[in-house]
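The values are calculated or read from the model by the stated rules, or taken from the named source; none is laboratory data. As the structure is a computational prediction, the values presented were derived from the model and not from experiment. Here the Cβ is made from the backbone with ideal geometry for all residues, glycine too, and neighbour counts use every protein chain on show. Surface areas here come from the heavy atoms of the whole protein model, side chains and all, with no ligands, DNA or RNA. Shrake-Rupley method; radii C 1.70, N 1.55, O 1.52, S 1.80 Å.
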Amino acid sequence: MNESTMAVRRAIDELDLDGIGMLVGACLEEGLTPEEIIQEGISKGLEIVGRKFEDGEYFLADLIMAGEVVKEAMPILKARMNPGDSSGKGTVILATVAGDIHEIGKNIVGMILSANGFEVIDLGVDVPAIRIMDAARTTGARFIGLSALLTTMVDSIREVVDAAGAAGLRDQVKIVIGGACTSQDLCTEMGADAYGETAIDALRIFNGYAAGA
Ligand code: B12
């Protein structure tokens, strides 16, 4: 395990808002890619925070702080991602589902997709199905990415699938889901088109659709 990404992981676990920028910068200096830093440092650090929250060692204020620490790191990583080629792979509408306000994973997915030729329309968090479908209709986007982290909110995914049906768009749009509480089984159960475990999976899946696979 790389020592610098371990330091990023530790900084998130220790809620080190002041130190994170320097540590992420050190990883980039070493030649690590933003994707590697996200995967090995940031996501793993947040996993530790999540476990501590579950165990009662961390409280909601700590979760909020962990989110702030990650937000500090994101612009630094974004600035180092490829500006995105103009190959015009299509438009992806991204949203965290209704009832859920987790945004870090969605934002990472958005960064990686836009750095790889997709136009990303990010509708934000806690987005009702109807708004997602309005956006799909008005922009003509064929791809929808839904992020969900709360087990209690997974039905919001089905609502989007149903809304696509009601709008007569179900055959025209691909609905891809991801986020900590999702799985292939959930994807099948909710009637979505694909499940991706990581932001890199999101890219692979949308690349496949863009290529007509
Ligand atoms: C930070 C955090 C928060 C922050 C969010 C800050 C922010 N600005 O986003 C705040 C403080 C707001 C928060 C609030 C709550 N949280 Co919270 N939170 C977390 C924590 C620690 C990290 C989440 C995160 O950002 N992970 C890092 C990102 C990078 O991972 P990710 O989102 O999974 O995304 C990756 C992949 O899943 C994938 N991906 C994500 N989206 C998509 C989309 C597509 C299309 C694809 C293909 C892939 C993909 O790519 C990403 C990168 O690879 C998690 C613990 C955890 N391990 O997940 C708990 C966690 C998700 N929270 C939890 C809970 C319970 C809550 C609260 C209900 C707490 C409370 N009592 O109020 C509230 C809910 C509020 C609400 N209505 O949404 C639980 C959920 C349990 C469950 N299964 O339902 C968790 C798992 C903690 C725990 N272990 O108990 N939380």
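Okay, here's what the table says:
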read-out	value
Net charge of neighbours whose Cβ lies under 15 Å from the Cβ of Lys106, counting Lys and Arg as +1 and Asp and Glu as -1	-3
Cβ-defined net charge surrounding Ala164, 12 Å radius [Lys, Arg +1; Asp, Glu -1]	0
Under-5 Å amide H pairs with Gly179, H placed in peptide plane, nonlocal only	Ala148
Alpha carbon Rg of the stretch 90-210, scaled by the compact-globule rule 2.2 N^0.38 Å	0.91
The chain, dipole about Cα centre (Lys/Arg Cβ +1, Asp/Glu Cβ -1), debye to the nearest 20	820
For the stretch 3-80: Kirkwood Rh in Å [reciprocal of mean 1/r, alpha carbons]	12.1
Taking the C-alpha atoms of the chain, convex hull volume expressed per residue in Å³	121
Share of carbon and sulfur in the accessible heavy-atom surface of the chain [1.4 Å probe, %]	52
Mean Cβ count within 10 Å, highest first, over the residues of peptides 63-69, 42-48	42-48, 63-69
Surface per residue (accessible, 1.4 Å probe) for the stretch 3-80, Å²	54
Accessible area (Å², 1.4 Å probe, nearest 10) - Met6	60
Among Pro128, Pro75, Pro34: highest mean-square fluctuation, GNM of the chain, C-alpha pairs under 10 Å	Pro75
Cα-derived Rg to Rh of the stretch 37-125, Kirkwood definition	1.03
Estimated vicinal HN-Hα couplings, Hz - the stretch 21-29 in sequence order (Karplus 6.51, -1.76, 1.60; Gly, Pro = x)	x, 5, 5, 5, x, 5, 4, 5, 4
